[in-house]
Amino acid sequence: MDIANQISRATQAAVKALYGQDVPEGMLQVQKTKREFEGHLTLVVFPLLKVSRKKPEDTAEDIGRWLVENESSVAAYNVVKGFLNLTMSPQAWLALLADINADEHYGEKKPTEDAPLVMIEYSSPNTNKPLHLGHVRNNLLGWSLAQIMQANGNRVVKTNIVNDRGIHICKSMLAWLKYGNGETPESSGKKGDHLKGDYYVAFDKHYREEVKELKAKYIGEGMADEEAEKKAKDEAPLIKEAHQMLVKWEQGDPEVRALWEKMNSWVYAGFDETYKALGVGFDKIYYESQTYLKGKAKVEEGLEKGLFFRKDDGSVWADLTNEGLDQKLLLRADGTSVYMTQDIGTAEMRFNDYPIDKMIYVVGNEQNYHFQVLSILLDRLGFKWGKELVHFSYGMVELPNGKMKSREGTVVDADDLIAEMVKDARQTSEELGKFADMTDDERANVARIVGMGALKYFILKVDARKNMLFNPEESIDFNGNTGPFIQYTYARIRSIMRKAKEQGIELPATLDGTYPVNQKETELIQKMAEYGAAVRQAGTDYSPSGIANYCYELTKEFNQFYHDYSILGADSNEEKVLRLVLAANVAKTLKNGMALLGIEMPERM
């Protein structure tokens with residue numbers, strides 16, 4: 001049991017015995033004692049004054065005295081105004097350490113078969129270009145959130161919706177037909193998503209040239225600049241061809257569909273490589289090419305039920321003025337769908353596939369309004385989770401100017417970023433002498449683990465709602481609030497455990513008996529015991545940063561302890577065993593916590 005919960009239960013018993021009344025556990029506030037006061041846990045007594053009918057100090061004295069006499073885990077107490085500071089007994093800390101030691105995933109809750117089902121959507125790429133830095137933050141947040149929700153006892157389904165249709169997809173296809181000369185990922189040696197992205201860029205380049213020429217022509221014919229620009233963009237041969245290709249795609253033209261499937265398969269293979277490097281994946285992938293017609297059908301159904309209305313031009317709209325919003329277009333006059341329609345169709349498919357209790361969309365904050373509207377529409381259409389859908393809204397992420405710009409010069413490519421992080425990790429590790437006595441394979445693996453750990457931790461430690469600047473050099477630092485600092489502490493502990501084994505020291509399976517426990521050790525046990533609360537809070541707040549910051553605080557706490565006390569050089573065998581058990585469980589807690597962020601921990605570093 002969590003030691004704070006233990007004190008809450010004991011306080012309930014104390015209030016019943018002292019004042020003859022039952023109090024709900026929710027009324028009791030037990031928190032960590034502030035460093036400037038003596039004690040480990042503090043009970044706030046102000047909510048109990050109506051029950052005790054006494055002054056705060058007297059109420060605290062009553063409860064403190066009762067706990068010392070009746071609760072074996074409480075050794076002493078002191079009162080500061082309306083705060084009861086409790087000092088826990090050494091046996092209480094040992095019992096708590098024994099609980100932590102006995103549970104491989106202490107603080108986490110395993111999902112049961114009937115646990116709530118949470119679906120989390122993240123990634124949402126377009127099949128006309130590779131993943132970029134914004135996708136990196138999205139994928140890392142989505143994956144971490146899935147692990148956190150599962151650690152809170154939820155069943156989780158991780159989903160992706162791929163934007164695989166539309167004019168932008170046709171642009172890449174058309175450019176490949178015109179300028180590709182049959183080039184493939186195999187013939188070019190390029191990842192498929194990069195290859196297709198190159199043709200999307202090629203289309204834009206040639207299209208701009210056509211627009212420039214037409215604009216000059218129209219201006220020469222006496223047309224105003226703005227009007228000439230607009231007409232040139234509409235009349236350029238390339239964009240007309242792209243639109244014609246889109247119409248053919250919509251009509252199921254065999255040749256266009258075959259090309260679409262072939263080029264998309266290149267992209268999916270490329271995406272899979274990037275996802276694997278990021279350490280993320282999905283349980284189910286949906287495609288807009290499959291969902292948009294479902295969305296249109298669902299909107300038509302809503303229209304028949306009077307949930308939406310049709311304007312004179314044939315377009316279909318939702319009136320949201322009663323919710324303080326405006327009118328929202330759902331189907332254009334020509335019957336084609338918009339993004340909102342596609343999201344409704346995707347929701348329909350997902351609801352048919354899974355008994356969803358909660359739906360979480362990991363999408364940037366530029367879509368806040370979109371999801372506000374989607375929530376209302378899904379609720380109107382009868383989706384039980386519609387009103388409570390969660391838009392996990394996150395801010396932009398950027399790199400310092402001039403850092404790792406992609407081949408197009410405008411977007412930071414995910415693959416380039418990953419490769420650079422691993423390269424930097426290897427270089428930094430070699431400079432610091434952390435690769436001594438390792439084989440080349442071990443060095444490569446550690447560089448990958450550290451490089452990716454640096455990237456993930458630096459991004460996830462920041463409150464997702466905030467815009468952030470990702471600095472690769474800062475992230476690789478082996479000191480401070482970074483992934484490598486936490487990973488190095490873990491590797492150090494694993495090294496200590498190997499040395500203990502070499503010395504023939506066996507750790508007890510259960511922590512029975514009496515061991516001396518000093519203040520630093522109790523602080524370390526208390527910090528480890530807070531892991532469960534950190535996991536619960538991260539689940540409530542949808543906040544990977546809460547887990548990241550907990551891991552950093554535990555790492556600092558251990559390093560302070562390690563600085564002050566020798567583990568293998570302890571004065572007595574009892575102290576040595578206790579400290580080894582402490583260190584082993586710190587490593588376990590760090591490994592579990594960092595796993596919720598999708599970060600691996602190296603055995604050596």
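The values are calculated or read from the model by the stated rules, or taken from the named source; none is laboratory data. Nothing here was measured: the structure is a model prediction, and the numbers come from that model. Backbone-built Cβ (ideal geometry, glycine too); neighbour counts: all protein chains shown. When the accessible area is computed, the model is the full protein with side chains, heavy atoms only, and any ligands, DNA or RNA have been set aside. Shrake-Rupley method; radii C 1.70, N 1.55, O 1.52, S 1.80 Å.
A few notes on this one:
- Element breakdown for segment 285-394 at a 1.4 angstrom probe: carbon and sulfur atoms account for 47% of the accessible area.
- Partner lysines whose Cα lies under 20 Å from the Cα of LYS54, excluding those fewer than 8 positions away in the same chain, are identified as LYS16, LYS81.
- Charge-dipole axis of segment 263-317 as Lys and Arg at +1 and Asp and Glu at -1 on Cβ define it, positive-most pick from ALA277, ASN264, PHE309: PHE309
- In the chain, the longest principal axis of the Cα atoms and the axis of helix 440-460 are about 90 degrees apart.
- Segment 369-496, relative contact order [Cα under 8 Å, separation at least 6], %: 24
- Added length on full extension, which subtracts the Cα-Cα distance from 0.36 nm per residue, ALA75 to LYS230: 47.8 nm
- Three-way shape call for segment 409-541 based on the alpha-carbon gyration tensor, with the a/c threshold at 1.5: oblate
- Magnitude of the charge dipole, segment 88-132, Cβ model with Lys/Arg +1 and Asp/Glu -1, debye to 20: 280
- Against the chain, whose longest principal axis is taken from its Cα atoms, helix 414-431 shows a tilt of about 40°.
- Residue-averaged 222 nm ellipticity for the chain, from DSSP H runs of 4+ at -39500 (n - 2.57), nearest 500: -18500 deg cm²/dmol
- Helix 133-151 vs. the chain, principal-axis angle (Cα, 0 to 90°, nearest 10): 40
- Against the compact-protein benchmark of 2.2 N^0.38 Å, the Cα-based radius of gyration of segment 234-291 scales to 1.48.
- Stretch gain in nm, segment THR439-ASN181, where the contour uses 0.36 nm per residue and the Cα spacing is subtracted: 88.5 nm
- Computed over segment 72-217, relative contact order equals 21 percent, with contacts defined as Cα pairs under 8 Å that lie 6+ residues apart.
- Whole-percent carbon and sulfur share, accessible surface of segment 459-530, 1.4 Å: 45
- Take every Cα pair under 8 Å whose residues are at least 6 apart in sequence, average their separation, divide by the length of the chain, and the relative contact order is 14 percent.
- Restricted to Cα atoms, segment 185-242 shows a radius of gyration and a Dmax of 15.4, 50 angstrom.
- Solvent-accessible area per residue in the chain equals 46 Å², computed with a 1.4 angstrom probe and all protein chains kept.
- LYS240-ASP541 FRET efficiency (beta carbon distance; Förster radius 45 Å; 0.05 resolution): 0.35
- Counting lysine pairs in segment 503-605 that sit 8 or more residues apart in sequence, or on different chains, and whose Cα atoms lie under 17 Å apart gives 7.
- Per-residue 3J(HN,Hα) values for segment 43-48, derived from phi via the Karplus relation 6.51 cos²θ - 1.76 cosθ + 1.60 with θ = phi - 60°, read 9, 7, 8, 3, x, 9 Hz in sequence order (x marks Gly and Pro).
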